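Please read the structure below before turning to the comments.
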Amino acid sequence: MMKNSKYEKRRQRKNSSSAEKFHSKPPLTCNGCQCVTCGRCCDWYYTGTPEDWQWIRDFRNWDHNSAERWRNGKYYDRFKLSNGAKCNRSLYYAASYIVRFVSLGTFDGSALLGHLCVCPREKQEK
């Protein structure tokens with residue numbers, strides 16, 4: 001009996017610590033809601049077309065032409081904060097308009113993409 005009890009306790013500790021590692025992500029510095037799938041901020045939503053959203057979701061695989069499309073299409077303007085959102089990056093992105101103007105467009109708002117959850121909407125959980 002004693003061996004089983006020790007074994008069970010050890011197994012429970014091992015399982016609980018691996019579950020905690022799997023589910024715990026560092027908190028977001030923006031104070032926004034964190035997607036449980038990717039760990040990025042899911043306080044923002046895209047107001048453009050579903051086709052553009054599918055293309056944006058694949059931003060990690062963009063080539064030069066896709067990056068130019070992003071810069072020239074002003075897709076970053078089509079992201080909005082959800083009602084009740086707590087993400088504090090909106091001031092950062094508002095200031096980026098000034099930087100884009102001063103830098104003649106070289107600052108293109110792509111930092112927004114690395115911050116945002118681009119998981120399918122049905123997979124996002126807050």
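Each reported figure results from applying straightforward, stated rules to the coordinates on display, with no laboratory input. Quick caveat: nothing in here was measured; it's all calculated off a predicted structure. As a convention, Cβ positions derive from the backbone with ideal geometry for all residues, glycine included, and neighbour counts pool all protein chains shown.
At a Förster distance of 30 Å, what's the computed FRET efficiency of residue 66 paired with residue 38, Cβ-Cβ distance as r, to 0.05?
Computed FRET efficiency for residue 66 and residue 38 comes out at 0.90.
Residues with beta-carbon under 10 Å from that of residue 46, excluding residue 46: net charge, scoring Lys, Arg +1 and Asp, Glu -1?
Summing Lys/Arg as +1 and Asp/Glu as -1 gives +3.
At what distance in nm do the modelled label points of residue 29 and residue 45 sit from each other, each positioned 7 Å from its Cα along Cα→Cβ?
Taking the simple label geometry, residue 29 and residue 45 are separated by 2.8 nm.
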